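Enquirer: Got a structure for you, questions after.
The values are calculated or read from the model by the stated rules, or taken from the named source; none is laboratory data. Everything numeric here is computed off the predicted structure, so don't read it as measured data. All Cβ positions, glycine included, derive from the backbone under ideal geometry; neighbour counts span all protein chains shown.
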Amino acid sequence: MSLRILVVDDAAFMRHMIKKILTDLGHEIVGEAANGIEACEQFDQLKPDLMTLDLIMPKMGGMEALQKICAKHADARVVVISAVDQRQPLMDALKCGATDYLVKPFEKERVEEAIGRVENAAAVGG
């Protein structure tokens with residue numbers, strides 16, 4: 001199953017790396033954003049199947065963007081990404097509606113696993 005994905009990270013090199021992994025896995029990148037404000041706008045416009053979302057960004061952080069997007073789009077599928085392997089922010093993101101999370105640096109296999117969870121959740125309607 002190919003997913004339409006919005007990639008959100010303030011670092012251009014990280015967006016490029018994520019996009020490469022996802023396209024190699026057969027998914028379509030429909031947009032990208034560099035902060036939470038752009039993420040909210042792009043999500044509303046593009047209505048992607050999935051969004052990867054960095055937690056630490058300027059202007060509006062990923063957690064605030066996640067809250068806004070999940071409040072407006074109950075069916076949003078989001079994989080949060082953090083450079084900090086701290087359990088509490090990641091658990092908070094999952095409680096807020098994230099489907100899974102990745103900790104930087106991550107391997108292609110871990111990205112594939114997270115995307116698989118999103119696909120499985122979508123398949124069972126959850």
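Enquirer: Among (1) small (Gly, Ala, Ser); (2) surrounded by fewer than 17 Cβ atoms within 10 Å (Cβ to Cβ); (3) under 13 Å from the mean Cα position of the chain (by Cα), there is one condition SER2 misses while meeting the rest; what is its number?
Expert: Here SER2 meets the rest and fails (3).
Enquirer: Which residue pairs have Cβ atoms closer than 6 Å, lie 6 or more positions apart in sequence or on different chains, and pair a first residue in the stretch 19-34 that is within 22 Å of ALA65 (Cα to Cα) and among the small types (Gly, Ala, Ser) with a second residue that is assigned to a helix (DSSP H, G or I) and modelled with pLDDT of 95 or more?
Expert: Hits for this filter: GLY31/GLN42; GLY31/LEU46; ALA33/ALA39; ALA33/GLN42.
Enquirer: With the structure loaded, tell me whether MET60 is buried (at least 19 other Cβ atoms within 10 Å of the Cβ) and either free of Cβ contacts under 8 Å to residues at least 60 places away in the same chain or not hydrophobic (A, V, I, L, M, F, W, C) (or both) or whether it fails that test.
Expert: So MET60 fails the test.
Enquirer: When you scan the stretch 64-79, do you find a residue that is surrounded by 13 or more Cβ atoms within 10 Å (Cβ to Cβ) and in contact (Cβ under 8 Å) with a residue 40 or more places away in the chain, even just one?
Expert: yes
Enquirer: Which one of these is exposed (fewer than 13 other Cβ atoms within 10 Å of the Cβ) and out of contact with any helix residue (DSSP H, G or I) (no Cβ under 6 Å at 6 or more places or on another chain): GLU107, GLU113?
Expert: The unique qualifying residue is GLU107.
Enquirer: Then there is this: Would you point out the residue of the stretch 1-18, among those that are out of contact with any Leu (no Cβ under 6 Å at 6 or more places or on another chain) and β-branched (Val, Ile, Thr), that is nearest to ALA65 (Cα to Cα)?
Expert: Selected residue: VAL7.
Enquirer: In the stretch 57-101, which residues are among the basic types (Lys, Arg) and under 22 Å from LYS19 (Cα atoms)?
Expert: ARG77 - this is the single residue of the stretch 57-101 that is among the basic types (Lys, Arg) and under 22 Å from LYS19 (Cα atoms).
Enquirer: For CYS96, indicate whether it is on the phi < 0 side of the Ramachandran plot, modelled with pLDDT of 90 or more and surrounded by fewer than 20 Cβ atoms within 10 Å (Cβ to Cβ).
Expert: no
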